[in-house]
1. Given the Cα-Cα distance of residue 8 and residue 49 and 0.36 nm per residue of separation, how much length would full extension add, in nm?
2. For residue 29 and residue 60, what does the FRET efficiency come to when R0 = 35 Å and r is the distance between their Cβ atoms, rounded to the nearest 0.05?
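No value in this document is a laboratory result; all are computed from the given coordinates. Please read these numbers as outputs of a predicted model, since none were measured by experiment. When we count neighbours, we look across all protein chains shown, and the Cβ atoms used for this are built from the backbone with ideal geometry, even at glycine.
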């Protein structure tokens, strides 16, 4: 793990350990939380605020036409307490 954190390629680590393939080495190369956070910090633009996804009406209508949403529309969600909530 230390080699990976120092920027050594997994293929090089596999060769040093004498593994036949990189897949064998991958078992030992699980990323720790600091590495995961570093990657997230590089990929998430700081000026964008997280927001809830709101699907377009056309998508909702298409899904309803497939009758995938019937269960959700026949039973009220506990948070709505029986009130109808428009998308």
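1. Between residue 8 and residue 49, full extension yields an extra 11.4 nm.
2. Step by step, r from the Cβ atoms, then E = 0.25.
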